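Written out below as C-alpha cells is the structure these notes cover.
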Amino acid sequence: MKVSVSQQQLAHGLGVVSRAVNPRSTLPVLGNILIATDEGRLRLSATNLELGITCWIPAQITEEGSVTMPARTFTDLISTFPNDTVVMNLDARTQTMTVRCGFNSTDIKGIDAQEFPPIPVPDLSAGVTLNMADFREMIQQVVFAASTDETRPVLQGVMTTIANNEVALAATDGFRISIRKLPLAAPFEKTYNLIIPARALSELARIAVDGDQTLTMNVPPGRGQVIFHLKNTEVVSQLIDGNFPDYRAIIPRSFKTHTVLSRGEFLNACKQAEIIARETNNVIRMEIKTNPDRPGEIKISAQAEQTGSSDVNLDANVDGEGITIAFNVRFLREVLDVVKTPSVVLETNAHNTPAILKPVGDDTFTHVIMPMHLG
C-alpha cells in the first residue's frame, strides 16, 4: 500500500473513528485502527465489537493495500505533523508502515488487516432516511436520561421505535423518562422496535454535525445490529437484547396543577440552587403558589447544613392547586438544557407522583420526572 493524504483530513478521520477503539481488549487488533484503500479513497475503521465507526477520506492511491495501526501511537503521531501531505508506504512482508510528512519519517509496526473483525455493509435501499439535524437533536434530548448502571443493560439503551411513519426515541434510568418523536420525511412500511445503546447514539450525534445532510438507518435481518450511514461515515452498533419498560403506562394523563414559566429563568434558578443542593443529594424544594389577583409564583429552595441555604423566586402562570414538591435539581437542569423553546410547562398532581416537563408549543418532546421525598 502506498497513499498520500492531507494531514488535516487524516487527523480528523482518526479523531472520528478512535472513539470506538478498545485499548484494554485482550485482542490486540481491537486496539488498532484499520487503514485500507477503498475505491479511490482511504477507509479508516475502529471497533470494540459493540460499536464500530468507519470514516472515508480523500487520498491519492499509488498502490492498493490494507493494514491495522496501533490507534494511540498512530493518532498521536499524525496530530504532531504540520498541515502538509502525509505519505504512507506499507511493507506488506513485515506489516511495517513508513509514515512521512515534511522532514519526519517514522516506521510503525502494524497487525495484518485480515485479523480485523469484518465490518458489515448496509443495504441502503432497505433503510429509513432521517434528517441529520433533526435526529441529532432527538438524540441529545433523550440520551442524558439513559441509565449508566451496568447491572441494568436494557436501561443503558434508547428505545427506538419506527412505526406509522414516525420515529420515537425514549430513555429512562428509573427516575425520569425522556421521550422525543418526529414524523418521517418519507413513508416507511417496516416497523422497528430496537434498543440502541445510548453511547452509540451519543457518538452518532457527535459525528453528525453537517445538519443539511440525511442519514440512512439500516437494520440487517438477524444480525442484532443497526447501521447508520452518513455521507463519509458509518456507525455500526450491536443492539441490546431485552424488554424495555412500558414507559407509556407511566406517563400521567391528567394534572391538578399546570405551571408555565420562562425556560431561561427556570434553568438559571436551578443552576443557583444546585450549588447548595449538591451537598444534600441534589434535593430542592419547589413551592408552587397561586394568586387570584396576580401571576403565580414558584419558590425554589435548597438547604445544606454545612454550606447554607438558597431561595429563588420566579414568576409563573399557575393554573390549578398550589403544591410543594421536591426534585433532583440536576435532573431538572439536564432537561432544561435540551429544551429549545422560550417557555416550559410543569404539570404536577401530588408531591409523590410523577410530574411532566415539556416545551410550550412543541408536543414532540415529553419528559417525565419522579419527585423526591419531602423531608
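Quick notes on this structure:
- Candidates are the residues of the stretch 282-296 that are surrounded by fewer than 18 Cβ atoms within 10 Å (Cβ to Cβ) and in a strand (DSSP E or B); the one that is nearest to the chain's Cα centre (by Cα) is 287.
- Matching residues, the stretch 144-166, being in contact (Cβ under 8 Å) with a residue 24 or more places away in the chain, surrounded by fewer than 22 Cβ atoms within 10 Å (Cβ to Cβ) and β-branched (Val, Ile, Thr): 148, 154, 161, 162
- Taken over the stretch 335-351, residues that are surrounded by fewer than 17 Cβ atoms within 10 Å (Cβ to Cβ) and closer than 18 Å to residue 282 by Cβ amount to 2.
- Test: residue in the stretch 39-49 that is in contact (Cβ under 8 Å) with a residue 12 or more places away in the chain, of a type outside the set (A, V, I, L, M, F, W, C), assigned to a helix (DSSP H, G or I) and out of contact with any Ser or Thr (no Cβ under 7 Å at 6 or more places or on another chain): no
- Of the criteria (1) without any contact (Cβ under 8 Å) to a residue 40 or more places away in the chain; (2) assigned to a strand (DSSP E or B); (3) over 19 Å from residue 168 (Cα atoms); (4) not small (Gly, Ala, Ser), which one residue 260 fails: (1)
- Tally of residues being over 25 Å from the mean Cα position of the chain (by Cα) and small (Gly, Ala, Ser) across the stretch 91-136: 6
- If the condition is being more than 15 Å from residue 122 (Cα to Cα) and either surrounded by fewer than 18 Cβ atoms within 10 Å (Cβ to Cβ) or assigned by TED's automatic domain parsing to the domain that holds residue 42 (or both), then the stretch 206-238 contributes 206, 209, 210, 211, 212, 213, 214.
- Residue match in the stretch 192-199 (condition: modelled with pLDDT of 90 or more, surrounded by fewer than 17 Cβ atoms within 10 Å (Cβ to Cβ) and of a type in the set (Lys, Arg)): no
- Condition check for residue 143: of a type in the set (A, V, I, L, M, F, W, C), closer than 21 Å to residue 52 by Cα and not in a loop (DSSP other than H, G, I, E, B): yes
- For the stretch 39-55, filtered to residues that are buried (at least 20 other Cβ atoms within 10 Å of the Cβ) and more than 19 Å from the chain's Cα centre (by Cα), the residue that is farthest from residue 203 (Cα to Cα) is 42.
The values are calculated or read from the model by the stated rules, or taken from the named source; none is laboratory data. Just so it is clear, the structure is predicted and the values come from calculations on it, not from any experiment. Positions of Cβ are generated from backbone atoms using ideal geometry, with glycine treated the same way; all protein chains shown enter the neighbour counts.
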